[in-house]
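Structure first, then comments.
The values are calculated or read from the model by the stated rules, or taken from the named source; none is laboratory data. None of these values were measured; they are calculated from a predicted model. Cβ sites come from the backbone with ideal geometry, for glycine too, and all protein chains shown count toward neighbours. Ligands, DNA and RNA are stripped out before the accessible areas are found, and what is left, the full protein with its side chains, is counted by its heavy atoms. Shrake-Rupley method; radii C 1.70, N 1.55, O 1.52, S 1.80 Å.
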2 protein chains.
Amino acid sequence: MPRELLLNAFDMNTVGHLAHGLWRHPRDQARRYTDIHYWQSLAQTLERGLFDGLFLADAVGLYDVYGGGPEAALEAGVQVPANDPAVLVPAMAAVTQHLGFGITANLSHEPPYLFARRMSTLDHLSQGRLGWNIVTGFLDSTARAHGQPSQTRHDERYDRADDYMALVYQLWEGSWADDAVLADPASGQYTRPERVRTVRHQGPYYQLEAIHLSEPSPQRTPLLFQAGASARGLRFAARHAEALFLPNQGLQGTAQLVQQLAGSLQAEGRPRDSYRLLTSLEVVVGRDADEARDKYADYARHARPQAALVQLASATGIDFSRYAPDEPIRPDSLGEGIQSIVRSLAQSAGHGPDGAVTVRELLAQMPLGGRINPIVGSPDEVAAALLHWADHTGVDGFNLVRTVTPECFVDFIDLVVPRLQALGRYKTAYAPGTLREKLTGHGPHLPAAHPGAQARQATACPPHAGRPAPRP
Amino acid sequence: MPRELLLNAFDMNTVGHLAHGLWRHPRDQARRYTDIHYWQSLAQTLERGLFDGLFLADAVGLYDVYGGGPEAALEAGVQVPANDPAVLVPAMAAVTQHLGFGITANLSHEPPYLFARRMSTLDHLSQGRLGWNIVTGFLDSTARAHGQPSQTRHDERYDRADDYMALVYQLWEGSWADDAVLADPASGQYTRPERVRTVRHQGPYYQLEAIHLSEPSPQRTPLLFQAGASARGLRFAARHAEALFLPNQGLQGTAQLVQQLAGSLQAEGRPRDSYRLLTSLEVVVGRDADEARDKYADYARHARPQAALVQLASATGIDFSRYAPDEPIRPDSLGEGIQSIVRSLAQSAGHGPDGAVTVRELLAQMPLGGRINPIVGSPDEVAAALLHWADHTGVDGFNLVRTVTPECFVDFIDLVVPRLQALGRYKTAYAPGTLREKLTGHGPHLPAAHPGAQARQATACPPHAGRPAPRP
């Protein structure tokens with residue numbers, strides 16, 4: 001039986017996320033991102049539509065490749081200003097019961113002890129609805145914001161990240177046993193010290209000796225999302241991720257990517273049913289096809305494809321400002337790492353693999369101010385397209401990119417969700433339990449085969465706290 | 001005309017804050033600290049009582065001096081588990097209009113770029129109601145939790161903190177000009193890049209080159225609280241603090257402390273009207289004196305003074321578990337730094353300056369499980385005692401320590417607030433504006449004389465972003 005689609009809203013604590021310029025639309029409310037009631041209302045809307053989660057991106061730095069500085073990103077509001085996403089969670093959790101919250105956090109600059117506590121606190125306050133999208137950062141501007149001249153090299157970032165994860169697993173899974181908290185009013189005993197363990201971590205990058213500050217939260221470790229696509233990133237994902245995001249590379253491209261990724265993960269011992277796969281989609285839906293096309297045209301009039309180039313410049317390393325609109329961007333004129341990126345941009349513009357792409361061609365592919373080709377249509381058309389995407393590519397669901405917000409989600413909920421439900425491909429009620437249980441069918445804690453679960457065993461050892469553990 | 005009292009509720013994102021054992025009381029709700037609705041309800045209660053703020057303490061480590069390990073703290077729930085306080089703010093801000101939020105954050109282990117963004121985000125989401133209680137930490141357990149063998153020495157912690165503050169002031173005050181955000185739908189311009197400045201900080205401890213990620217929040221720099229009492233701590237406070245906390249050392253002791261502190265700050269160029277002073281008080285009020293005394297006796301039956309010794313052990317460095325109840329703790333048997341602390345404990349127990357105190361005597365001073373002697377009485381008695389405290393010591397107001405919560409605040413609001421109002425010593429409505437404006441009468445930004453305001457000037461320099469600044 002075909003599975004029900006997973007669905008997240010994809011957003012960011014900022015004005016311009018992935019559909020640049022649409023904050024200018026008269027019905028768009030993204031400029032209210034500093035208003036907590038805006039976020040609470042959005043969360044309630046999404047829960048009304050039985051969305052699995054609100055997925056919040058983050059970028060701890062500015063896009064400064066385009067034009068050799070951050071001016072273009074600032075001018076158009078391309079993911080800047082960008083506020084902290086994590087602190088939104090409790091307020092949204094307070095007005096919802098089931099909606100999950102996928103929070104992007106760059107571990108490279110978060111001190112693990114404080115970060116682990118913050119995540120535990122959010123998992124407590126949301127009653128087990130926290131997901132963490134693990135990122136390691138890639139912007140030089142992020143490195144400079146932390147006193148480093150440039151970004152740590154790619155593979156080493158993942159080595160550090162592995163060490164970081166080993167540490168936080170011990171805090172989340174291994175420091176407090178399930179039965180550590182007694183909270184017995186009669187005796188006055190809150191915690192059984194013999195069921196709490198001092199974590200001692202001496203890793204290559206991180207060292208710590210501490211008891212976790214939080215008692216066990218519903219999920220302990222938040223549901224782990226990851227989006228690594230490189231060979232090293234995939235090894236990291238294979239080890240840690242319970243759900244993965246893939247970039248939308250078009251229907252065929254994404255289908256190929258899913259195949260490659262599933263093969264790589266299989267080789268690392270992760271069968272396809274041990275993780276969820278999501279990709280991004282953008283939808284413009286109307287009550288009928290005409291209304292959808294009118295709406296799309298209206299949106300497109302407010303979009304700023306040029307702003308999307310600013311983000312693409314930092315993602316690819318190509319300063320598009322240096323090219324005239326029709327000047328071919330030749331792969332062989334660029335550094336080796338960038339050549340394959342240009343070839344793929346050229347291919348998506350309809351050129352052969354050796355063709356060169358132009359800025360004008362790139363802009364033409366970003367009618368709503370972003371790189372994702374929107375699905376535009378009637379409710380039936382959109383529902384059919386989504387199912388075709390899922391069935392053809394093999395993804396489990398989608399991160400729906402916000403366009404004009406919250407209108408885009410309201411439209412989707414009112415028009416598309418009922419069709420998907422009628423087709424038996426979308427839930428009609430939330431499953432009970434934590435985000436992990438809702439999304440993966442097991443939980444609330446990490447499955448036993450997950451490396452994080454190994455940290456859990458430690459509490460079965462002779463208990464102690466604050467003193468060296470007896471050698472086994 | 002005598003001033004209206006300032007009043008904060010003093011709490012912590014934990015079960016046992018300063019009145020240990022009272023979580024056992026059948027009406028106490030502190031065990032709900034992981035429930036966001038508990039905090040929202042508390043915030044609404046405090047706003048009904050026109051409290052200036054909810055002040056949240058924090059401790060990023062465990063008290064492990066007593067018994068040479070953390071077992072005693074764990075057992076009694078002495079500030080452990082302790083969840084992150086900052087993430088509570090937006091949810092409480094969403095259900096209130098005026099209440100301020102004083103959040104304790106230990107800067108020693110918070111990366112300044114991410115921390116500055118988190119604070120800006122909270123100031124945005126609370127519409128300018130954020131205060132930051134700047135602490136540098138003192139527990140070795142905190143240091144070990146961050147990979148260091150022991151705590152940085154005291155004065156160097158403040159040197160680091162000065163450097164940290166110089167950095168975050170530049171992010172909060174100097175990176176975005178007031179008119180940087182245009183948000184013009186017609187042109188699509190969100191930010192004027194020429195009004196945004198890249199901060200370049202090369203301090204002895206912190207380095208950074210970055211644009212602040214957040215656009216200016218209502219207060220920019222949160223209202224700055226500090227509690228330094230050492231010579232170096234006072235120099236830090238004189239430089240940075242807009243409001244100071246003093247430990248409650250009894251009526252006479254606190255009055256002396258206020259005098260000394262005011263003298264020290266005066267010598268550093270801070271006249272008494274340039275900062276607010278608060279100390280902690282604990283109140284048990286009944287509809288009449290009999291009811292108050294019955295309530296106090298009932299509370300005391302649930303308190304655990306022994307647990308307060310655990311906290312006192314870490315605060316003083318004395319392991320009280322090593323003394324029999326009636327064994328004198330002789331100052332000259334202890335290290336030099338600790339001798340003066342024991343002498344002051346002995347004095348507060350009624351001994352002469354050279355006397356030795358016993359554990360039994362210390363316990364007798366902590367009937368509600370903490371070091372603060374509670375004010376117990378009818379509404380008139382409590383109101384009179386508070387005004388006597390304020391007028392005799394010269395503090396501007398109080399942090400009311402939670403006892404049985406939220407009952408203690410509800411009682412205070414229903415019974416004491418109307419008396420204080422009738423006496424003209426408590427506001428009958430909130431003043432408009434941000435927390436800074438409400439508490440200090442000016443704002444919303446730092447006063448011009450504040451060192452943080454110097455960072456502001458930078459935006460008047462020739463604008464640039466992302467490129468080296470022209471040499472002046």
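Couple of notes before you dig in:
- Rg/Rh (Cα only; Kirkwood hydrodynamic radius) as it applies to region A:295-399: 1.03
- By Cβ position, the chain A residue that hugs the axis carrying A onto B most closely, with its distance in whole Å, is A:Ala91, 2.
- Taking a ≥ b ≥ c as the square roots of the eigenvalues of the Cα gyration tensor, region B:90-228 is classed as oblate, since a/c reaches at least 1.5 and a/b does not exceed b/c.
- Each residue of region B:130-135 was assigned a 3J(HN,Hα) from its phi angle through the Karplus curve 6.51 cos²θ - 1.76 cosθ + 1.60 (θ = phi - 60°); the sequence is 9, x, 10, 8, 6, 10 Hz, with glycine and proline shown as x.
- Distances between placed amide hydrogens fall under 5 Å for B:Ala105 paired with B:Asn133, B:Val135, all partners being 5 or more residues away or on another chain.
- Cα gyration tensor, region A:267-343 - rounded (a/c under 1.5), prolate or oblate: oblate
- Alpha-carbon centroids, region B:125-161 and region B:304-360: separation in whole Å: 26 Å
- Farthest towards the positive end of the charge dipole of the protein assembly as shown, among the residues A:Leu278, B:Ala166, A:Gln40, is the Cα of B:Ala166, using unit charges on the Cβ of Lys, Arg, Asp and Glu.
- Within the shell defined by Cβ-Cβ distances under 11 Å, the residues around A:Leu234 carry a net charge of +3, with Lys and Arg each +1 and Asp and Glu each -1.
- With a 1.4 Å probe rolled over the protein heavy atoms of all chains, the accessible area of A:His146, A:His20 falls in the order A:His146, A:His20, largest first.
- The phi torsions of region B:411-428, fed into the Karplus equation with coefficients 6.51, -1.76 and 1.60 and a -60° offset, translate into couplings of 4, 4, 5, 6, 9, 8, 4, x, 5, 4, 5, 4, 7, x, 10, 8, 4, 9 Hz, rounded to whole numbers, with Gly and Pro shown as x.
- On the basis of the beta-carbon distance and an R0 of 35 Å, B:Ala429 and B:Ser344 show a calculated FRET efficiency of 0.25.
- Cα-projected label distance for B:Glu268 with A:Arg360, points at 7 Å along beta-carbon direction, nm: 6.5 nm
- Surrounding net charge for A:Ala94, when Lys and Arg each add one and Asp and Glu each subtract one, Cβ distance under 13 Å: -1
- Placing one equal scatterer on every Cα of chain A and applying the Debye formula, the log10 ratio I(q)/I(0) at q = 0.06, 0.08 Å⁻¹ is -0.27, -0.49.
- For residues of A:15-21, the mean tally of beta carbons on other chains within 10 Å: 2
- For the peptide B:145-151, the mean number of other protein chain Cβ atoms found within 10 angstrom of a residue's Cβ is 6.
- At a threshold of 30 Å², the residues of region B:88-106 that become less accessible to a 1.4 Å probe in the full protein assembly than in their chain on its own are B:Pro90, B:Ala94.
- Only helices enter this figure: runs of n ≥ 4 DSSP H residues, each worth -39500 (n - 2.57), summed and divided by the residues of the protein assembly as shown, yield -10500 deg cm²/dmol at 222 nm to the nearest 500.
- Amide proton proximity set for A:Trp176, modelled H, under 5 Å, gap of 5+: A:Arg197
- Cα gyration tensor shape of region B:109-165, rounded if a/c is under 1.5, else prolate or oblate by comparing a/b with b/c: prolate
- 3J(HN,Hα) along region A:99-116: 4, x, 10, x, 10, 7, 9, 7, 6, 4, 10, 9, x, x, 5, 6, 5, 4 Hz, from the Karplus curve 6.51 cos²θ - 1.76 cosθ + 1.60 with θ = phi - 60°, whole Hz, x for Gly and Pro.
- Amide H contacts under 5 Å for B:Val284, placed H, 5+ residues apart: B:Ile375, B:Val376, B:Gly377
- Cβ-based net charge around A:Gln170, under 10 Å, with every Lys or Arg adding one and every Asp or Glu removing one: +2
- Within 10 Å of each Cβ in A:58-70, the average number of Cβ atoms from other chains: 3
- Ascending list, in nanometres, of distances separating the B:Arg293 label from those of the other copies (7 Å, Cα toward Cβ): 8.8
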